[in-house]
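Each reported figure results from applying straightforward, stated rules to the coordinates on display, with no laboratory input. Quantities reported herein were computed from a predicted structural model and do not represent experimental measurements.
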Amino acid sequence: MVGLYLHPPKHAVVLCVDEKTQVQALDRRQPLLPMRPGQIERRTHDYKRNGTVQLYAALEVHAGRIVSRIEERHRSREFIAFMNHLLRNYRSGELHVILDNVSSHDSKEVQEWHNQPRNKRVVFHFIPTYSSWLNLAEVLFNLLQAKVLRRGVFPSKQALVKAIMDYIEKFTAEGRIFRWTKTAEAITRSVNNLTRH
């Protein structure tokens with residue numbers, strides 16, 4: 001996994017894929033009260049729920065590009081639809097896909113999809129248990145949470161989806177690339193300590 005980040009195969013694309021599930025369109029019952037000198041921003045504790053969406057995202061590690069898709073549900077069927085979406089976006093070459101171990105990534109349906117000849121150019125790499133930080137899509141989701149969702153007010157699911165997609169479009173336009181600051185040996189040692197391997 002670490003090798004994919006630091007030394008990707010030639011003519012291949014490395015994608016970190018994950019889902020941010022149950023993203024809620026929350027609308028405050030009262031407007032936010034602005035900050036004033038000596039006073040922090042204030043808001044009411046109660047809110048109105050306007051539905052949820054599931055965000056599927058693939059971060060192209062070495063280009064800072066994001067391919068995303070919004071779904072209503074989180075099942076193997078939606079994961080397969082997202083993988084097909086990725087294949088349409090990346091028409092040639094191997095796709096090395098870094099994933100976590102959620103059941104919808106390794107179900108019977110997904111295995112059948114993966115065994116089809118046209119999908120053989122996709123190579124799945126499952127991160128070890130308790131090491132979600134190895135999937136850079138998690139970093140992307142943390143930024144999305146902090147910059148868009150945490151303080152956002154969304155009167156509808158459409159408003160939520162627009163805010164998410166606007167952020168993803170801006171992130172992709174900037175071409176932000178996450179760089180590892182640790183050596184491969186330090187990362188591997190850390191994972192081994194966590195997983196006891």
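Note on residue 157: lysines with a C-alpha under 28 Å away, same-chain residues under 8 apart excluded, are 20, 48, 147, 170. In the elastic network of the chain, a GNM with C-alpha springs shorter than 10 Å, the most mobile of 92, 132, 156 is 92.
Note on residue 10: lysines with a C-alpha under 24 Å away, same-chain residues under 8 apart excluded, are 120, 182.
Binning all Cα-Cα separations of the chain at 5 Å, short to long from zero, yields these whole-percent fractions: 1, 7, 14, 17, 17, 15, 12, 8, 5, 3, 1, 0, 0.
Using a Gaussian network model of the chain in which every pair of alpha carbons under 10 angstrom is joined by a spring, one finds that among 181, 21, 129 the greatest mean-square fluctuation is at 181. Less than 5 angstrom separates the built amide H of residue 123 from those of 95, 96, 97, all sequence-distant by 5 or more or on a different chain.
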